[in-house]
Each structure stands twice: as C-alpha cells, then as structure tokens.
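To start, the structure under review is shown below, and the notes come after it.
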Amino acid sequence: MTNAETISKLNNALSTLIKAYEELQEDNNNLKTRINELEDEVLELEGAKEDLEKNVDEFKNHTQEDKSNISSMLGKIESILNRKISDNSNTSSSSSNASEKVEEKKENVLVLESEPATNSSSTNQPLNVLKKDDTKEDESSNGSSSNKIDLNRMASLLNGFNH
C-alpha cells in the first residue's frame, strides 16, 4: 500500500467519522429539543396540577360552607316547626280552655222540655233550650270577643230547626 492509498483510506474513514459525528450531533440536538419540550410540558402539567389543587380546595371550602348553610337552614326550619308545634299545643290548650268554657256555659243551660213527636216516626226531636240567666249572658256576650260562642243564638237556631 502506498502512501496515496493510505491517505485515501484515512480520508474515507475520516469522512465517515465526520458524517457519523454530524448525525449524532443532529440526533443529540433533536433529543435536547425534545427534552426541552417535555420539560415545558412538565411545567405546564405542574401548573395545571396546582390549579386543580386550588380548585379542589375551593370546592372543599364551598362544600363545607354549603353544609354549614344547609345545617343552619335545617336548624331554622326545625325551630320554626317546633315553634308551630308549640303554638299548636298552646292553641290546643287554649282550645281545650274554650271547650271547658263551653262546658261551663252548657251547665248554665236548662232543658225545658222535649217537643212531643207529631207522628209515629222514631226521629228524635231537638230539645227547646233556654239559658238560666239570659240577661247576664247578654251583658257578658256584648263585652266578649267574637271567638266566644253566643248561646242565645245557638238556642234560637236549635229552636228554628224544631219548626
């Protein structure tokens, strides 16, 4: 082998090495670019993750607020219902007091007589009723509220049903 052949083979080998080096350099640059892209994506994902974590925290806070608001509303509703139940109890007790007053007034009513049945049917005839003390009752009913029962009016209505 001559010097010229050796130089030619070395030149070819050097060209091949340079070519391989350039290809490796290009691959390396492509990989560096890809690494930078991936790092950017990682940063974007980390930012998105932080946003999601903030949203989750806000959601948890809103959920807690909603729970406390709902509990507060339920408490108010329960207190209103309890108040209405106690009002109804008071109304029931005042109704029972009114019933007691009606019973007392009934005791003040005299049964005068039962009208005889005009035919042989077995229908019960209403009784004629009269209060013991009409004048006292008239005076007290004039001063009483509209919620009290007017026994004179009831008696006249009952008498009207008899005729």
In the set S79, S99, S86, S121, the lone residue that is of a type outside the set (D, E, K, R), out of contact with any His (no Cβ under 6 Å at 6 or more places or on another chain), under 29 Å from L151 (Cα atoms) and at pLDDT below 90 is S99
Residues in the stretch 43-69 that are open to solvent by 100 Å² or more (accessible area, probe 1.4 Å) and small (G, A, S) total 0
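The values are calculated or read from the model by the stated rules, or taken from the named source; none is laboratory data. Quantities reported herein were computed from a predicted structural model and do not represent experimental measurements. Positions of Cβ are generated from backbone atoms using ideal geometry, with glycine treated the same way; all protein chains shown enter the neighbour counts. For the accessible areas, the whole protein counts, side chains as well, though only heavy atoms, and no ligand, DNA or RNA atoms are used. Shrake-Rupley method; radii C 1.70, N 1.55, O 1.52, S 1.80 Å.
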